[in-house]
Amino acid sequence: MTVAYAHPLEHLIKRLTGDEKHAPSAHSTLDVLWVLYDKILRISPETVDAPDRDRFLLSKGHGPAAYYAVLAAKGFIPESWLDDLGSWDSPLGHHPDRVRIPGVEIGTGSLGHGLGIGVGVALGLRAQGFPDARTFVLLGDAELDEGSNHEAIAYASAIRLPLTAIVIDNQSATHGWPGGIAARFPGWASAVVDGRDRVRLQQALDRREAPGLVVARVEPKRGGGR
């Protein structure tokens, strides 16, 4: 896989081969993931099981190459794993597996489930008395065609849940929506940013509105993947 712009993880993502049809899905998330793990999330290989850690859920589980590259860059997994994507005994499948990959919180790939799980995670952290633990969910815009997301959106807004949803907007959704993606999140504090501008992404993700939405606009999808 290759990327068309300079990025500190380019040398790592190039090592992942065999899932080229989902390359657009992977590359659309690369900058958001890097900012999250480099600047935002309170989690490291040493604190991967700490009960008060921040949680990151990759609802957009198709084409996780960028996710794997970030986890390798941050020391959660060996870089050598990147050379063996999707073989019968590789920990790195075409969808991330929480049982086999350190740092992965949920197994994903089926669209539309991550935000609902994120609501449950954020509720659990609140119930356990971890007010500083943040929950982030990364979705693709096409996932918003799934009705379960809108139940999660309404509930999180009603109880002011400390949850941040990040939606990658690469124009892959089947259905349009008047007012754009942010209009689908009534009651959420929203920011729409260039999904390749890592400074703007950090500023938006640093905000602690409850709940908060960051729409990261990237180049339109070409090819497979959501």
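The values are calculated or read from the model by the stated rules, or taken from the named source; none is laboratory data. What you see is a predicted model, and the numbers here were worked out from it, not measured in a lab. All Cβ positions, glycine included, derive from the backbone under ideal geometry; neighbour counts span all protein chains shown. Protein only, heavy atoms only, side chains kept; ligands, DNA and RNA dropped before computing areas. Shrake-Rupley method; radii C 1.70, N 1.55, O 1.52, S 1.80 Å.
Details
- Most positive-pole-ward Cα, 76, 187, 28, against dipole of the chain from beta carbon charges: 187
- The chain: relative contact order as a whole-number percent, Cα under 8 Å and 6+ apart: 23
- Ratio of Rg to Rh over the range 39-78 (Cα coordinates, Kirkwood Rh, two decimals): 0.97
- For the set 62, 113, the ranking by accessible area, highest first and with no ligand, DNA or RNA atoms included, is 113, 62 under a 1.4 Å probe.
- Using a probe of 1.4 Å, the accessible surface attributed to residue 81 totals some 70 Å² when neighbouring protein chains are kept in position.
- Summing Cβ point charges (Lys, Arg +1; Asp, Glu -1) relative to the Cα centre of the chain gives a dipole of roughly 440 debye.
- Solvent accessible area, Å² - residue 208, 1.4 Å probe, full protein context: 150
- Residues of the chain: accessible area per residue with a 1.4 Å probe, Å²: 43
- On full extension, the segment bounded by residue 17 and residue 99 gains 27.3 nm, given 0.36 nm per residue less the C-alpha separation.
- Contact order relative to length of the range 32-126, as percent, for alpha carbon pairs under 8 angstrom and 6 or more apart: 29
- Inter-probe distance in nm under a simple model that places probes 7 Å from Cα toward Cβ, at residue 88 and residue 148: 3.1
- Figure legend: label point modelled 7 angstrom from the Cα of residue 174 along Cα→Cβ; residues of the range 99-126 with amide N under 16 Å from it are 110-113.
- Rolling a 1.4 Å probe across all protein chains gives residue 153 an accessible area of roughly 0 Å².
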